[in-house]
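Scroll down for the structure; my scribbles are underneath it.
Please treat every number below as a calculation from the coordinates, not as lab data. Just so it is clear, the model here is predicted, and its values are computed rather than measured. Ideal geometry is used to build each Cβ from the backbone, glycine not excepted, and the neighbour counts take in all protein chains shown.
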Amino acid sequence: MKGHNKKIKNQTSNASDKKISGLVDSMRPLARQVMALKARMEALGMFTNDREFLKCTTCDLAEDVAVDGRLITVHRNGTDWSTDSGLRFKEVERDLFRCPVCGTVQKAEEL
């Protein structure tokens, strides 16, 4: 009886493995499309929502997103939060960004 149960368990495991493998195979093209879309969004200056917005800890510069999805920066102590300053935090290393105003480097927090 033990051998029979083991055989059934192996068959079930193999069927599950095949289903998972098939699912992964069907997801690959979609994953490629998502990555291509993300690259296009970044090229257009859009925020891809893979990290928190940057807010300089030294000066008043902060990132935000415009209604159309473009990443913008604003001066937090200003009165017009909808006008893009045109300044951009520069990635100096993976997840490390330098403020274009004061040069402070900070780590971006992933979502």
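If R₀ is 22 angstrom, what is the calculated FRET efficiency for the pair GLU109 and LEU37, using the beta carbon separation as r and rounding to 0.05?
Computed FRET efficiency for GLU109 and LEU37: 0.45.
Give the average over all directions of the projected area of the C-alpha convex hull of the stretch 61-107, one decimal, in nm².
With the hull built on Cα positions only, its mean projection is 3.5 nm².
Once amide H atoms are built 1.01 Å from N in the peptide plane, which residues 5 or more positions from ARG51, or in another chain, come under 5 Å H to H?
Result for ARG51 returns LEU111.
Which of rounded, prolate or oblate describes the chain when judged by the alpha-carbon gyration tensor and an a/c cut-off of 1.5?
It comes out prolate by the Cα gyration axes.
Working out 0.36 nm times the residue gap between ASN49 and ASP64, then minus their Cα-Cα distance, what length gain in nm do you get to one decimal?
Length gained between ASN49 and ASP64: 4.3 nm.
Between the helical axis of 2-43 and the dominant principal axis of the chain, each derived from Cα atoms, what acute angle in degrees is found, rounded to the nearest 10?
Taking Cα atoms only, the helix is inclined about 20 degrees.
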